[in-house]
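Enquirer: Could you have a look at this structure, given as structure tokens, before my questions?
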Amino acid sequence: MREEFFPTFDYGSVFVDPWWSGFESTFQVVLMGFFVCLACGVIGNFVVARRLALVGDAISHSLLPGIAIAFVFTSSRSLPAMLIGAAVAGVLTTVLIELIHRKSRVKPDAAIGIVFTTLFAVGVVIISIWLDNVHLDADCVLYGEIGLVPLRESFILGGANLGPLPIATMGAVALLDILLVIVFYRVLLVTSFDAGLARSLGMPVNTTHYGLMIALALTIVAAFEAVGVVLVVAMLIFPAVTAGFFFERLPALLFGVAPLSLAYSLGGFHLAKWLDCSIAGAMVVTAGALFVVAWFFGPKGGLVYRSRALGFLFTASKQKISPQIVG
Amino acid sequence: MVHIPPPLEIHDLTVSYDRKPVLYGVDVVVEAGSLVGVVGPNGAGKSTLIKTIMGIVQPNGGWVKIFGQPYRKAVTRVGYVPQRESVDWDFPVSVMDVVLMGRYGHAGLMRRVSKRDRRIASECLEKVNMQPFSDRQIGNLSGGQQQRVFLARALAQESDLYLMDEPFAGVDAATETAIVELLRDLKERGKTLIVVHHDLSSAREYFDKLMLLNMRLVAYGEMEETFTPDLLQKTYGGRLTILSDVAGQAAGRSEFEEEGNPKL
Ligand SMILES: Nc1ncnc2c1ncn2[C@@H]1O[C@H](COP(=O)(O)OP(=O)(O)OP(=O)(O)O)[C@@H](O)[C@H]1O
Ligand SMILES: [Mg+2]
């Protein structure tokens with residue numbers, strides 16, 4: 001254990017030096033963090049709106065066996081194999097959860113608990129049997145190594161170096177998520193809000209659900225090596241709930257993801273520089289701190305706006321539209 | 001003469017959840033321009049019937065035709081008002097967003113919502129007196145207001161057949177009158193309405209026809225023919241009928257005893 005928890009704060013070494021002397025790696029780490037939060041935040045908004053936050057948690061854990069099996073088959077850290085393994089694991093998780101919930105008396109939350117712990121354990125067993133001596137260590141899976149991202153092999157496309165492969169992948173996944181949400185916005189909106197209406201409009205409710213789960217699984221697997229499977233869940237949930245204290249409509253919540261992602265990524269990076277700690281951990285701590293700020297001061301349901309003592313100004317303006325008369 | 005298919009035709013429909021039968025052998029034809037009340041005790045399968053008609057629940061046997069076609073082909077001709085508890089009212093959408101969802105069937109999955117769609121949605125909100133609330137988040141509404149938003153959304157669907165699951169639940173007397181007027185107005189314009197309703201005493205004045213349901217179709221027809229003590233007794237009448245024996249086996253006796261009292 002080190003001597004002091006908070007090292008002396010030195011503006012120069014925390015904020016200036018990383019950008020001055022090590023611009024490239026600083027930029028790459030912050031960019032990776034931004035892409036992770038962006039992709040997770042966009043998908044996370046639908047996950048939260050559908051009340052599937054726990055399923056997000058479950059999928060993130062059950063990716064382990066998917067990745068491990070892909071690893072056993074290809075005996076390399078081949079990205080396409082891992083993505084396929086993760087997508088299969090993600091869909092399997094949701095199918096199993098629904099199967100157990102529908103075909104038995106087990107409640108949905110218990111079904112989630114059963115499925116993801118079992119799959120996670122299968123992953124642990126596979127790793128300890130076959131992959132004991134290879135580099136797929138549990139710490140990396142759980143907490144991620146975003147600081148090491150600049151050291152990974154580059155992604156070369158047509159002779160141009162597009163930076164480290166994980167960043168290129170994460171950027172592509174973030175772009176894919178955003179495009180999917182734009183193209184299928186209505187279907188996602190209606191199936192999330194009112195599956196009955198969606199069916200009555202002829203929308204493919206189940207396909208949309210599994211499509212969303214696949215996108216979620218892909219996002220998590222692209223993000224997990226940066227922030228790990230545990231912290232990725234934070235990135236799914238925080239942007240949606242934090243923006244929820246400022247906005248009440250889904251499009252606004254979705255637009256809120258970008259500035260929040262930037263804040264998490266930059267804030268986490270510099271906090272980690274100061275405290276000399278895990279960057280991914282510091283990103284989540286930043287997200288948590290911003291959530292608390294929003295919870296206190298957010299205009300939609302924040303504590304300050306709710307409290308009588310401070311809130312009379314705001315409620316006075318609200319009350320103008322409150323009285324309702326029915327004709 | 002050209003044969004015009006009826007808005008709703010159900011033949012020998014059987015539905016169960018986890019092998020537990022909920023509806024059996026329902027056979028009914030609803031004529032165009034009918035205002036039908038669907039009544040029956042809790043757990044009678046009223047919501048299930050509506051959901052099966054809409055293809056939300058798959059039947060084990062029998063079929064449903066809407067304007068002579070399977071549901072998939074008649075999607076845009078059906079408007080739907082679900083039971084209020086069936087959606088999450090904390091969902092981040094405004095009143096206007098919800099009503100616009102009713103236009104999606106017309107707009108197609110990809111095309112943007114047009115000015116015309118917005119105008120229609122706005123008019124529908126006007127009809128249920130919810131225009132001033134169009135920018136509100138739906139969670140900030142009272143129960144009756146939420147119900148009226150659903151109604152506005154169904155109106156925005158501009159359908160020929162409306163299926164409504166307890167649109168009067170939790171609304172005050174004034175709203176109830178307003179909704180009834182709306183239903184009558186739709187009927188005058190040749191629409192067909194099938195409305196699940198809980199209060200027997202008002203069912204008589206609100207609807208023209210009655211569908212008495214308790215796991216089986218007890219009766220369907222004009223109000224005078226169906227609103228009889230005999231048939232009501234058969235629908236609600238606890239353990240005296242053969243029906244309740246079946247129900248008792250399927251649903252557990254205690255549940256049936258508690259919930260089987262008519263509100264008369
Ligand atoms: N999703 C479901 N899974 C299993 N059983 C269900 C499900 N939905 C309804 N049931 C059962 O089916 C029966 C009929 O339910 P339904 O909701 O159709 O009744 P209802 O007539 O609409 O009742 P209410 O007046 O309470 O709305 C009930 O016994 C209920 O327990
Ligand atoms: Mg019901």
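The values are calculated or read from the model by the stated rules, or taken from the named source; none is laboratory data. Computed from a predicted structure; not experimentally measured. Quick reminder, even Gly has a Cβ in these numbers, built from the backbone with ideal geometry, and neighbours come from all protein chains shown.
Enquirer: Suppose we filter region B:113-136 for residues that are more than 10 Å from every other protein chain (Cβ to nearest Cβ) and not in a helix (DSSP H, G or I); how many remain?
Expert: The qualifying residues number 2.
Enquirer: Are any residues in region B:150-180 over 25 Å from B:Ile66 (Cα atoms) and assigned to a helix (DSSP H, G or I), and if so, which ones?
Expert: B:Ala173, B:Ala174, B:Thr175, B:Glu176, B:Thr177, B:Ala178
Enquirer: Does region B:51-72 contain at least one residue that is more than 15 Å from ligand 1 (Cβ to nearest atom) and either within 19 Å of B:His197 (Cβ to Cβ) or polar (S, T, N, Q) (or both)?
Expert: yes
Enquirer: For region B:206-240, give me each residue that is of a type in the set (Asp, Glu) and part of a strand (DSSP E or B).
Expert: Result: B:Glu222, single match.
Enquirer: If A:Cys277 passes every condition in (1) under 17 Å from A:Tyr143 (Cα atoms); (2) in a helix (DSSP H, G or I) but one, which one does it miss?
Expert: It is condition (2) that A:Cys277 fails.
Enquirer: Checking A:Ser307 against (1) closer than 23 Å to A:Cys40 by Cβ; (2) without any contact (Cβ under 8 Å) to a residue 24 or more places away in the chain, only one condition comes out false. Which one?
Expert: It is condition (1) that A:Ser307 fails.
Enquirer: Given the options B:Phe168, B:Phe207, name the one that is more than 16 Å from ligand 2 (Cβ to nearest atom), modelled with pLDDT of 85 or more, on the phi < 0 side of the Ramachandran plot and surrounded by 19 or more Cβ atoms within 10 Å (Cβ to Cβ).
Expert: Details: B:Phe168 fails: more than 16 Å from ligand 2 (Cβ to nearest atom).
Exactly one of B:Phe168, B:Phe207 is more than 16 Å from ligand 2 (Cβ to nearest atom), modelled with pLDDT of 85 or more, on the phi < 0 side of the Ramachandran plot and surrounded by 19 or more Cβ atoms within 10 Å (Cβ to Cβ), namely B:Phe207.
Enquirer: Evaluate the following for B:Tyr71: is it aromatic (Phe, Trp, Tyr) and within 11 Å of another protein chain (Cβ to nearest Cβ)?
Expert: Criteria met by B:Tyr71.
Enquirer: How about region B:1-23: which of its residues are more than 16 Å from ligand 1 (Cβ to nearest atom) and in a loop (DSSP other than H, G, I, E, B)?
Expert: B:Met1, B:Val2, B:His3, B:Ile4, B:Pro5, B:Pro6, B:Pro7
Enquirer: Further, regarding this structure: Return the total of residues in region A:162-207 being small (Gly, Ala, Ser), within 12 Å of chain B (Cβ to nearest Cβ) and crowded, with 20+ Cβ neighbours inside 10 Å.
Expert: Here the count works out to 5.
Enquirer: Would you pick out the residues in region B:21-58 that are within 14 Å of chain A (Cβ to nearest Cβ) and more than 16 Å from ligand 2 (Cβ to nearest atom)?
Expert: We begin by selecting, within region B:21-58, every residue within 14 Å of chain A (Cβ to nearest Cβ); these are B:47-58.
Across region B:21-58, the qualifying residues are B:Gly55, B:Gln58.
Enquirer: (1) crowded, with 23+ Cβ neighbours inside 10 Å; (2) in a helix (DSSP H, G or I); (3) at the interface with another protein chain (Cβ under 10 Å from one of its Cβ atoms); (4) not charged (D, E, K, R): which one isn't true of B:Pro92, the others all being true?
Expert: With (1) crowded, with 23+ Cβ neighbours inside 10 Å; (2) in a helix (DSSP H, G or I); (3) at the interface with another protein chain (Cβ under 10 Å from one of its Cβ atoms); (4) not charged (D, E, K, R) applied to B:Pro92, the lone miss is (2).
Enquirer: What residue, of B:Val39, B:Val28, B:Val15, B:Val22, is modelled with pLDDT of 90 or more and in contact with a Phe, Trp or Tyr (Cβ under 7 Å, 6 or more places away or on another chain)?
Expert: Result of the check over B:Val39, B:Val28, B:Val15, B:Val22: B:Val28.
Enquirer: Among the residues of region B:83-96, is there at least one that is under 25 Å from B:Gly144 (Cβ atoms), within 16 Å of ligand 1 (Cβ to nearest atom), of a type in the set (Val, Ile, Thr) and under 15 Å from the mean Cα position of the chain (by Cα)?
Expert: Scanning region B:83-96 turns up no residue that is under 25 Å from B:Gly144 (Cβ atoms), within 16 Å of ligand 1 (Cβ to nearest atom), of a type in the set (Val, Ile, Thr) and under 15 Å from the mean Cα position of the chain (by Cα).
Enquirer: Would you be able to tell me the number of residues in region B:183-199 that are of a type outside the set (S, T, N, Q) and either over 22 Å from B:Glu85 (Cβ atoms) or more than 17 Å from the chain's Cα centre (by Cα) (or both)?
Expert: Total meeting the criteria: 8.
Enquirer: Would you be able to tell me the number of residues in region A:77-110 that are within 30 Å of B:Asp18 (Cβ to Cβ), part of a loop (DSSP other than H, G, I, E, B) and among the basic types (Lys, Arg)?
Expert: 2
Enquirer: I've got another one for you. Show the residue pairs that are 6+ apart or on different chains and have beta-carbon atoms under 6 Å apart, the first residue being within region B:176-204 and under 26 Å from B:Thr235 (Cα atoms) and within 14 Å of chain A (Cβ to nearest Cβ), the second being at pLDDT 90 or above and away from ligand 1 (no atom under 16 Å from the Cβ).
Expert: B:Val180/B:Tyr206
Enquirer: Which residues, taken from region B:24-49, are of a type in the set (A, V, I, L, M) and near ligand 1 (Cβ under 8 Å from one of its atoms)?
Expert: Matches in region B:24-49: B:Ala44, B:Leu49.
Enquirer: Continuing with the same structure: Is it the case, given these coordinates, that B:Ile4 is away from ligand 2 (no atom under 16 Å from the Cβ), at pLDDT below 90 and of a type in the set (A, V, I, L, M, F, W, C)?
Expert: yes
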